[in-house]
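FYI, it's all coordinate maths here, none of it is from the lab. All of these numbers come straight from a predicted model, not from anything done at the bench. Note that each Cβ is placed from the backbone with ideal geometry, even for glycine, and that neighbours are counted across all protein chains shown.
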Amino acid sequence: MNFLVDLLVLLYELIASFVLCLFRWIFPVQYKSVSGEVCLITGAGNGIGRLLAIEFAKRKARVAIWDIDEDGLKETCAMIQEIGREVYSDVCDLNKKDEIKAAADRVREAFGEVNILVNNAGVAFCKEILDLTDKEIETTYNVNVLAHVWTIREFLPSMLARNHGHLVNVASTVGLFSSPGMPDYCSSKHAAVGLHNSIFFDLQNAEKYGIKTTLICPYLIDTGMFNGVHVKYDWILPPISPKDCANTIMHAVLTEQEMVAIPRTMYFAHVLSTILPVKALIAGYKFVGADKAISYFKPNRDYQVKSYSKSVE
């Protein structure tokens, strides 16, 4: 009897979920206000992090930014101050847990408790497993995964106490499936996805519905991180412009979407990666050129120096 009741409840929830999705598609959800909210963004000295910081500032959030690149932070601060908004910046090496904890204390002292946490920072070395140094592997996991752990542990308790907040974790489409030539990066992004999803279900079980979570899984973004990387047919899978990516992330956060893959074709790619026979999957990789995409990588020295050279010294 209990099984039948549970089954009916499940069917009801499934139907209700699809109806709600259809309703939200026909009648777009109004953006929530972030005015006055303390928003911390990691990796905001350039790229997507900088664009997100500016967008949150435009919406009157109290923006705090972290990065290892001090000059980049100053540039981002200047851009935010030009539009007359408040900003707090701090140099923080996300490769080091102690620095994260110290920086968290400082941001709380300056701005109060963080309401919106955007774990955006990431590193990539684009090497095969035997070519990576021990330090590069450690840095990849420290920045791409463990930094998420440490920041969430710092700021989630106050969100739980108030049942209010938003966790935004930027992972990657290669956290949903994998790509050759970057085993440390792919596995770190898989870990970031798993971490995010587990915390989401923990919050659901605790009935902390006032704390929202958004997982971002973008495809190749046209920044210096993956300089030169491309697939065989760019017209099928062109790199994403940083501006388009930032706009999509902002839309997802402001409409409180649980997960977004950028572009939307990546949802289809993810499903295919789970159902195709292995030989068909390999054929698909070769068709689009994903099997050799990383081989075109050309290290961008300026980007590396600004983003993570200090972490691997």
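Structure summary
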| read-out | value |
| --- | --- |
| Residue order, fewest to most beta carbons within 10 Å, for Ile48, Ile137 | Ile137, Ile48 |
| Lys, Arg +1 and Asp, Glu -1 on Cβ, resulting dipole of the chain about Cα centre, debye, nearest 20 | 640 debye |
| Choice from Val278, Val170, Val19 with maximal GNM fluctuation in the chain (Cα, 10 Å cutoff) | Val19 |
| Environment charge of Lys101, counting only residues whose C-beta is closer than 14 Å and scoring Lys/Arg +1, Asp/Glu -1 | -2 |
| Within the stretch 113-222, chymotrypsin sites (Phe, Trp or Tyr not before Pro) in DSSP loop having at most 11 other beta-carbon neighbours inside 10 Å | Tyr209 |
| Reachable lysines from Lys292, criterion Cα separation under 16 angstrom, eight or more residues apart if same chain | Lys127, Lys232 |
| Pair Ala16, Lys101: separation of 7 Å Cα→Cβ label points (nm) | 4.3 nm |
| Note, ³J(HN,Hα) from phi for the stretch 44-49, Karplus 6.51, -1.76, 1.60, rounded to Hz, x at Gly and Pro | 9, x, 6, x, 4, x |
| Net dipole in debye of the stretch 1-133 [+1 Lys, Arg Cβ; -1 Asp, Glu Cβ; about Cα centre; nearest 20] | 540 debye |
| Residue-averaged 222 nm ellipticity for the chain, from DSSP H runs of 4+ at -39500 (n - 2.57), nearest 500 | -16000 deg cm²/dmol |
| Extreme residue, positive dipole direction of the chain, given options Cys186, Ala57, His251 (C-beta unit charges) | His251 |
| Amide N proximity, the stretch 250-272 versus Asn197 label position 7 Å along Cα-to-Cβ, cut-off under 17 Å | 258-262, 266-272 |
| Per-pair calculated FRET efficiency, R0 = 30 Å: Trp235 and Val278 via Cβ, rounded to 0.05 | 0.65 |
| Fluctuation leader among Lys97, Lys58, Lys286 - the chain, Gaussian network, Cα springs under 10 angstrom | Lys286 |
| Tensor-based shape of the stretch 97-204 (alpha-carbon gyration tensor, a/c under 1.5 rounded, otherwise prolate or oblate) | oblate |
| Those trypsin sites (Lys or Arg not before Pro) in the stretch 162-229 that DSSP places in a loop and that have at most 13 other beta carbons within 10 Å | none |
| Val9-Gln30 pseudo-label distance in nm [points 7 Å out on the Cα-to-Cβ vector] | 3.3 nm |
| Ratio of the Cα radius of gyration of the stretch 217-295 to 2.2 N^0.38 Å, where N counts its residues | 1.20 |
| Over the stretch 32-311, relative contact order from alpha-carbon pairs under 8 Å, at least 6 apart, % | 18 percent |
| Lys/Arg +1, Asp/Glu -1 at C-beta; the chain dipole; positive extreme among Ile26, Leu160, Ile83 | Ile26 |
| Under Karplus coefficients 6.51, -1.76 and 1.60, residue-wise ³J(HN,Hα) of the stretch 116-122 in Hz, glycine/proline x | 10, 10, 10, 7, 9, 4, x |
| Given charges at beta-carbon only (K, R positive; D, E negative), |dipole| of the stretch 172-296 in Debye | 320 debye |
| Added length on full extension, which subtracts the Cα-Cα distance from 0.36 nm per residue, Ser295 to Gln204 | 28.6 nm |
| Greater than 25 Å apart at Cα, pairs in Lys74/Lys208; Lys189/Lys298; Lys58/Lys101 | Lys74/Lys208; Lys58/Lys101 |
